[in-house]
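Have a look at this one.
The values are calculated or read from the model by the stated rules, or taken from the named source; none is laboratory data. This one's a predicted model, so the numbers in the text were calculated from it and none came from an experiment. Glycine also receives a Cβ, built like all others from the backbone with ideal geometry; neighbour counts cover every protein chain displayed. Side chains are part of the model used for accessible areas, which takes the heavy atoms of the whole protein and leaves out ligands, DNA and RNA. Shrake-Rupley method; radii C 1.70, N 1.55, O 1.52, S 1.80 Å.
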Amino acid sequence: MDNQLLFVLLLLGAIGPQGLGKGPEDLSEELSGEEIPKEDGVLVLSHRTLSLALREHPALMVEFYAPWCGHCKALAPEYSKAAALLASESARVTLAKVDGPAEPELVKEFSVEGYPTLKFFKDGNRTHPEEYTGPQKAEGIAEWLRRRVGPSAIHLEDKESAQALMDTRDVVVIGFFQDLQDEDVATFLALARDALDMTFGLTDQPQLFQKFGLTKDTVVLFKKFDEGRADFPVDEELGLDLRDLSRFLITHSMHLVTEFNSQTSPKIFAARILNHLLLFVNQTLAQHRELVAGFREAAPPFRGQVLFVVVDVAANNSHVLQYFGLKAEEAPTIRLVNVETTKKYAPISEAPITSASVATFCHEVLQAKVKPYLLSQEVPSDWDQRPVKTLVGKNFEQVAFDETKNVFVKFYAPWCSHCKEMAPAWEALAEKYQDREDIVIAELDATANELEAFTIHGYPTLKFFPAGPHRKVIEYKSTRDLETFSKFLDSGGELPKEEPQEPTASAPEAQVNSTTGPKEEL
């Protein structure tokens with residue numbers, strides 16, 4: 001290398017004195033005397049200081065954020081509170097943040113695809129950080145980190161320590177293992193790391209096995225309600241299955257009957273129990289409240305198979321009533337829904353709500369003796385008087401699968417902005433073809449009407465039902481304007497594949513089971 005060029009490169013810092021490019025380690029050595037700035041107890045990192053932070057802090061949580069991101073702004077105070085909580089405990093963990101748009105090199109290195117993204121670095125390992133999957137509240141963030149820098153389960157040595165642990169919480173899980181070096185213990189501890197809403201203990205003491213009447217390895221859930229205890233014996237041949245244990249703990253940590261509200265709904269759907277039986281009552285009325293006892297009495301035989309839920313129609317639960325097509329004045333009543341198929345069931349008869357009638361209804365649904373019902377509005381008297389015809393559940397089949405008509409249907413949600421944007425083009429299309437007897441332009445409110453033929457998952461969804469006896473359905477996925485709609489109709493339901501697709505609003509989920517929170521895309 002030319003000496004003059006070498007001198008220039010050394011001045012610019014492009015290579016080290018040995019002729020090698022500077023890596024993160026070289027840079028962290030160079031910055032060892034530099035103090036990393038803090039904001040609200042959180043380190044503010046850049047590509048220059050990340051290596052230094054990793055070297056100085058063996059347990060480091062890093063949030064990649066964007067200044068314009070609304071979700072990041074909502075997380076910021078909780079993140080700072082978590083840092084303060086951990087600092088007050090002298091916990092061996094540090095919280096930091098990186099301005100993603102200002103640090104594109106780090107965004108690329110750590111495959112950040114949306115904001116906020118949180119990654120946990122252990123022992124300076126830069127290549128394999130753990131993606132944060134915990135809640136977005138301060139205590140949840142702190143607890144997630146506590147279980148990564150400390151034990152996820154408390155080691156219990158005697159009866160007193162076990163009792164003290166059980167006295168602290170409504171739900172406590174204790175693993176009884178004769179050999180703490182067994183691989184089943186590792187499985188138990190791995191589950192405990194992420195089950196943040198439960199407290200875990202661990203023991204190999206014979207006196208504790210004896211105290212709780214155990215003779216083999218068992219995970220026991222102790223609770224201060226319902227039956228008080230639930231045992232999960234470890235299979236002697238297959239060992240401890242993480243998924244089975246997780247489902248068992250979620251199922252048995254819940255009350256036999258859970259009241260639906262904003263706090264309980266995430267756990268209700270996280271239980272992974274597909275059948276939910278809902279009792280709709282007005283909790284302000286004594287005669288309604290009395291029905292809950294019989295409802296609870298019917299629940300034990302169905303634990304793990306049917307989740308029993310009480311919905312107070314006098315509370316802020318109008319969205320649940322709407323989902324089942326009910327009005328508050330129809331309470332008391334019961335409904336069952338399979339959250340996987342979204343099929344809904346109602347009792348065949350209006351029998352009084354008792355333990356016996358509730359149990360009978362559950363058995364009938366599980367044995368497929370009751371047919372699901374579909375939501376449908378009444379057919380408007382003027383449904384076919386406007387250029388855009390109005391469809392509901394009760395007249396959809398008759399109109400959409402009319403063998404003499406080519407029917408183009410918009411499935412929409414009243415709140416959907418994309419639906420509102422395309423409404424003028426849809427009206428114009430209907431007016432353009434209103435004199436064509438073989439073409440029908442229609443719309444259906446998919447939030448108030450359900451169809452047996454298919455389920456609508458996003459809005460707007462556009463489907464074309466060509467004339468003929470074959471019941472063919474073609475989904476339209478192209479530009480939503482009058483010209484393109486017309487080409488599609490005139491070609492009998494075909495368009496060039498390169499036509500771009502416009503955005504669709506996702507249907508609101510009937511459940512919320514994510515703990516990681518929303519992200520804004522890069």
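Hey, among LYS22, LYS38, which residue is touching a strand residue (DSSP E or B) at 6+ places or on another chain (Cβ under 8 Å), among the basic types (Lys, Arg) and at pLDDT below 95?
LYS38 is the lone residue from the list that is touching a strand residue (DSSP E or B) at 6+ places or on another chain (Cβ under 8 Å), among the basic types (Lys, Arg) and at pLDDT below 95.
Could you pull out every one of the helices (runs of 4 or more DSSP H) wholly within the stretch 25-131 that has 3 or more residues that are within 23 Å of ARG193 (Cβ to Cβ) and open to solvent by 40 Å² or more (accessible area, probe 1.4 Å)?
Here the list reads 70-88.
Does TRP426 satisfy the criteria of being open to solvent by 80 Å² or more (accessible area, probe 1.4 Å) and either in a strand (DSSP E or B) or among the aromatic types (Phe, Trp, Tyr) (or both)?
So TRP426 does not fit the description; no.
Taking the stretch 355-371 as the search range and keeping residues that are open to solvent by 30 Å² or more (accessible area, probe 1.4 Å) and among the aliphatic types (A, V, I, L, M), which one is nearest to LEU291 (Cα to Cα)?
Only one residue tops the list, namely ALA356.
Further question: Would you confirm whether or not the stretch 294-316 contains a residue that is aliphatic (A, V, I, L, M), farther than 24 Å from HIS255 by Cα and at pLDDT below 95?
The answer is no, given that none of the residues of the stretch 294-316 is aliphatic (A, V, I, L, M), farther than 24 Å from HIS255 by Cα and at pLDDT below 95.
Every residue, every condition in (1) modelled with pLDDT of 95 or more; (2) over 27 Å from GLU443 (Cα atoms); (3) open to solvent by less than 60 Å² (accessible area, probe 1.4 Å); (4) touching a strand residue (DSSP E or B) at 6+ places or on another chain (Cβ under 9 Å), yes or no:
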| site | (1), (2), (3), (4) |
| --- | --- |
| VAL339 | no, no, yes, yes |
| GLU350 | no, yes, no, yes |
| ILE353 | no, yes, yes, yes |
| LEU374 | no, no, no, yes |
| GLU378 | no, no, no, no |
| SER381 | no, no, no, no |
| VAL407 | yes, no, yes, yes |
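Given the criterion open to solvent by less than 50 Å² (accessible area, probe 1.4 Å), under 24 Å from THR447 (Cα atoms) and part of a helix (DSSP H, G or I), identify the matching residue among VAL320, VAL309, VAL292.
VAL320
Would you pick out the residues in the stretch 180-205 that are hydrophobic (A, V, I, L, M, F, W, C), more than 22 Å from MET254 (Cβ to Cβ) and in a strand (DSSP E or B)?
Passing the criteria: only LEU202.
For the stretch 200-246, which positions are surrounded by 12 or more Cβ atoms within 10 Å (Cβ to Cβ) and at positive phi?
If the condition is that a residue be surrounded by 12 or more Cβ atoms within 10 Å (Cβ to Cβ) and at positive phi, then ASP226, GLY239 are the ones that fit.
Where the second residue is surrounded by 15 or more Cβ atoms within 10 Å (Cβ to Cβ) and the first is in a loop (DSSP other than H, G, I, E, B) and lies in the stretch 361-373, which pairs have Cβ atoms under 6 Å and are six or more apart or on separate chains?
Short answer, once both residue conditions are applied: VAL370/TYR345; VAL370/GLU364; PRO372/LYS343; PRO372/LYS344; PRO372/TYR345.
Across the stretch 323-337, which residue is modelled with the lowest pLDDT among those that are buried (at least 18 other Cβ atoms within 10 Å of the Cβ) and not in a loop (DSSP other than H, G, I, E, B)?
In this case the residue turns out to be TYR323.
Still on this structure, I have one more. Take PRO135 and tell me if it is open to solvent by 50 Å² or more (accessible area, probe 1.4 Å), modelled with pLDDT under 95 and within 17 Å of ALA195 (Cβ to Cβ).
Judged against the criteria, PRO135 is not a match.
What residue, of SER80, SER90, is hydroxyl-bearing (Ser, Thr, Tyr), at pLDDT 95 or above and over 21 Å from the mean Cα position of the chain (by Cα)?
Testing whether each residue is hydroxyl-bearing (Ser, Thr, Tyr), at pLDDT 95 or above and over 21 Å from the mean Cα position of the chain (by Cα) leaves just SER80.
Could you please let me know if ILE273 is aliphatic (A, V, I, L, M), surrounded by 14 or more Cβ atoms within 10 Å (Cβ to Cβ), closer than 30 Å to VAL339 by Cα and in contact with a His (Cβ under 8 Å, 6 or more places away or on another chain)?
So ILE273 fails the test.
Right, something else. Would you be able to tell me the number of residues in the stretch 387-398 that are at pLDDT 95 or above and over 36 Å from the mean Cα position of the chain (by Cα)?
Total satisfying the criteria: 3.
Something else now. Assuming ASP158 fulfils every condition listed in (1) open to solvent by 50 Å² or more (accessible area, probe 1.4 Å); (2) of a type outside the set (Gly, Ala, Ser); (3) at pLDDT 95 or above apart from one, which condition is it?
Failed condition: (3).
Can you list residue pairs whose Cβ atoms sit under 7 Å apart, with the first residue in the stretch 213-241 being in a strand (DSSP E or B) and the second being crowded, with 18+ Cβ neighbours inside 10 Å and among the small types (Gly, Ala, Ser)? Count only pairs 6 or more apart in sequence or on different chains.
If the second residue must be crowded, with 18+ Cβ neighbours inside 10 Å and among the small types (Gly, Ala, Ser), the pairs left are VAL219/GLY175; LEU221/ALA230; LEU221/SER253; LYS223/SER253.
Kindly list, by first and then second residue, each pair from a residue in the stretch 156-175 that is closer than 16 Å to VAL220 by Cβ and assigned to a loop (DSSP other than H, G, I, E, B) to a residue that is at pLDDT below 95 and among the β-branched types (Val, Ile, Thr), limited to pairs with Cβ atoms under 6 Å and residues at least 6 apart or on different chains.
Close Cβ pairs (under 6 Å, with a partner that is at pLDDT below 95 and among the β-branched types (Val, Ile, Thr)) amount to ARG169/THR199.
Starting from the stretch 56-81, take each residue that is touching a residue at least 12 places away in the same chain (Cβ under 8 Å) and list its partners that are assigned to a helix (DSSP H, G or I) and β-branched (Val, Ile, Thr), counting only C-beta distances under 6 angstrom and pairs at least six apart or across chains.
From residues that are touching a residue at least 12 places away in the same chain (Cβ under 8 Å), the pairs are ALA59/VAL149.
Residues that are touching a Leu at 6+ places or on another chain (Cβ under 9 Å) and not acidic (Asp, Glu): find the strands (runs of 3 or more DSSP E) completely inside the stretch 431-477 holding 2 or more of those.
Output list reads 439-445.
Restricting to the stretch 242-289, name every residue that is in contact (Cβ under 8 Å) with a residue 12 or more places away in the chain, of a type in the set (Ser, Thr, Tyr) and not in a helix (DSSP H, G or I).
THR258, THR284
So, in the stretch 295-306, of the ones that are open to solvent by 50 Å² or more (accessible area, probe 1.4 Å) and not basic (Lys, Arg), which residue ends up nearest to ASP244 (Cα to Cα)?
The residue in question is GLN305.
GLU521 passes all but one of (1) modelled with pLDDT under 90; (2) on the phi < 0 side of the Ramachandran plot; (3) surrounded by 12 or more Cβ atoms within 10 Å (Cβ to Cβ); which number fails?
Here GLU521 clears every test but (3).
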